[in-house]
Amino acid sequence: MQGGLGYPTPDPSAYLYPVNATHAAPGSQASLREANRLRVLEALREQGAMTQVEIAGSTGLSPATVSNVVRDLDSAGAVELAPSIRNGRRAVLVSLATGNTLLAGIAFGDRDVRVAIATGPRDIVGRQRMPLPANHNADEGIERATRLVYDLVEKSGKTMPDVKAVGVGVPAPVDSVTGQVGSESILPGWRGVDVAQEIRGHLGAPVSVDNTANLGALGELRCGALQGVQDGAYIKLSYGVGAGLVLGGEVFRGSAGTAGEIGHLTIDEHGPVCRCGNRGCLETFIGAHALSEALAGSHGRLTLRDIIGKAIEGDPGCRRVLHDAGRHLGVALAGLVNLLNPEVVVLGGQLSLVGDVITVPMRHALERSAIPSATASLVVRASELHTDADVVGAIVAAEAVHAAAEGLLVTVSSTS
Ligand SMILES: [Zn+2]
C-alpha cells in the first residue's frame, strides 16, 4: 500500500479475500503451516461443519496434513470437535469455535444482500450473499436476509438463541431518531419501514440499523484502513455513492443520522435530475445508472459488475467512462477535504476495485480543486476490507448492542 495520494491497483479477486486473513513471512515452514491453517479455517467458514475427510476433499490438503492442522486448531481453541455419524459410520465433525455468543451482520445493497455471522468483527464464522431484484421492497429483502441468517446459524451447528445481536446496514440515510429509512426517494421500497423492529421480529435479538457507508467506516476503523485515524472518511463507490465520516476517532452521523451523503452533493446545478429530486448530484455522474447510461449506445445494457470487469480487461469505452467518473469524484472529494481536512480517505465498494482507472483522474481533480495545505497531508488508501467493510461494520455495531445489553443486565442484577 502506497502513502500520499498514490494508490495501488487492487486485485479484482479481492471480492473473495477472507476478512481475517493474516500474512506470515513467505517461504518458511511456519508460513506454509499458517497457509494450511487459513485454508482449513476458510473452508469451515464457507461450508460449515465438516469431517476431516471432507475438509481434505474441500481444501486439496492431504488427510495427514488436515489431521495435524485440526489438532493445532483444536489445541488453540479455534475449532470445536463433536461426535457425529456420516454415511452410517462414526465420525468427528469439525466446526469453527463460537462459544455460545454469535453476532449477525446484514448489509443490504441496491441489488444484493450480504450476511455474516461471527464471534467478533475479526472472526467471521460464516457468510453468504444473495442477489435482490431491482426495486425490491423491504419485506422481500428482510425475508431473504433473515433466511440467510437462519441457514448460516444452522450450518455452524448453533441455534438461533446463540445469536445475541444483529447489525444491519441499508444503502440510504437512516433517521437516527425514528430508526426508519430517512429518504422516501433513495430507497423507495423501504419507505416508512422500521427495519430494526422487523428484523428483531424475525430473529429475536436486539438490532442496530445504520447506513452502509457509516458501517463501512466503522468496519475500516475497527479492523481496516482507518485504524487509529482521528479524522477520516470512507467512500463507498457502488450502485450509489456514500461516505462514512470519522471525526475525533468516531463515526459522525450528524444531528439526524444523515451526514456523509456525498452522493447527493451538487456537482453541476444544471445537471441531470437525481433520484433524490435534486439536480446534478455526484451520483448522477458516477452512480451505476449513470455509468450504464453513458455506455448504452455503444455497449448495450451493462451491469456495474460488467463495466468493472470490462474496464479491468482494458475495454476503452468502459475505461473512458470510469476515467470521467474519477474526475467527478475528485471534485466532490475536494469539497469534503476542504470542509473536514481529513488525514485519510479510504475508497471502498465494488467500483474501487478498478484502481488507477478511477484514482488517477480523481487525484488530478482533487489536487486542482482542494486547498493545497489540506491535500499535502492527505493519504488516500484502498479499503482493506474490500466489499466486506459494511458487513464487518455491522458486526461491530452488533457487538456494541450486545455489550450494552449485557451492561444493562449487570446493572439490573446488581440493584436487585
Ligand atoms: Zn441526489
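Couple of notes before you dig in:
- Relative contact order of the stretch 238-281, pairs being alpha-carbon contacts under 8 Å that are 6 or more residues apart, as %: 29
- Other residues within the sphere of radius under 12 Å centred on the Cβ of LEU247, judged by their own Cβ, net out at -2 (K and R +1, D and E -1).
- Computed on the chain, the Cα convex hull volume stands at 172 Å³ per residue.
- At a probe radius of 1.4 angstrom, the accessible area of the chain per residue rounds to 44 square angstrom.
- Cα-based equivalent ellipsoid, the stretch 102-214: semi-axes from gyration tensor eigenvalues, Å: 23, 14, 12
- A Stokes-Einstein calculation at 37 °C with viscosity 0.692 mPa s, built on the Kirkwood radius of the stretch 30-174 over Cα pairs, returns a diffusion coefficient of 200 µm²/s.
- Among the protein heavy atoms of the chain, carbon and sulfur supply 52% of the accessible surface, probe 1.4 Å, non-protein parts ignored.
- For the chain, calculated [θ]222 nm from helices alone, where every DSSP H run of n ≥ 4 adds -39500 (n - 2.57): -13500 deg cm²/dmol
- If you wrap the Cα atoms of the stretch 335-391 in a convex hull and average its projected area over all directions, you get 4.1 nm².
- Between TYR150 and ALA30, the FRET efficiency from the beta-carbon distance, with R0 = 41 Å, is close to 0.60.
- Applying 1/(1 + (r/R0)^6) with r as the Cβ-Cβ distance of ARG90 and GLU140 and R0 = 41 angstrom yields a FRET efficiency of 0.45.
- Each Lys or Arg adds one and each Asp or Glu subtracts one; over the other residues with Cβ under 13 Å from the Cβ of LEU215, this totals -1.
- Residue with peak Gaussian network fluctuation, the chain [Cα springs, cutoff 10 Å], from SER183, SER208, SER352: SER183
- Convex hull of Cα atoms in the stretch 21-96, direction-averaged projection (nm²): 5.1
- For CYS274, the amide hydrogen comes within under 5 Å of the amide hydrogens of ARG279, GLY280, CYS281, counting only partners 5 or more places away or on other chains and with H modelled in the peptide plane.
- GNM top mover of GLY263, GLY77, GLY348 - the chain, alpha-carbon springs below 10 Å: GLY77
- Largest accessible area first, the listed residues HIS328, HIS364 line up as HIS364, HIS328 when surface is computed with a 1.4 Å probe on the assembled protein chains.
- By accessible area with a 1.4 Å probe, ligands and nucleic acids excluded, highest first: order of THR101, THR159: THR159, THR101
- Over the stretch 255-336, the alpha carbon radius of gyration divided by the compact-protein estimate 2.2 N^0.38 Å works out to 1.16.
- Förster radius 56 Å - calculated FRET efficiency between ASP74 and ALA256, Cβ distance, rounded to 0.05: 0.70
- Charge dipole magnitude, Cβ of K and R +1, D and E -1 - the stretch 245-288, Cα centre, debye nearest 20: 100
- Calculated P(r) of the stretch 227-383 - Cα pairs past 28 Å, %: 17
- Mean separation of Cα pairs under 8 Å and 6 or more residues apart, divided by the residue count, gives the chain a relative contact order of 18 percent.
The values are calculated or read from the model by the stated rules, or taken from the named source; none is laboratory data. If you're wondering where the values come from, they're calculated on a predicted model, not measured in any experiment. Ideal geometry is used to build each Cβ from the backbone, glycine not excepted, and the neighbour counts take in all protein chains shown. Side chains included, ligands, DNA and RNA excluded: accessible areas come from the protein's heavy atoms. Shrake-Rupley method; radii C 1.70, N 1.55, O 1.52, S 1.80 Å.
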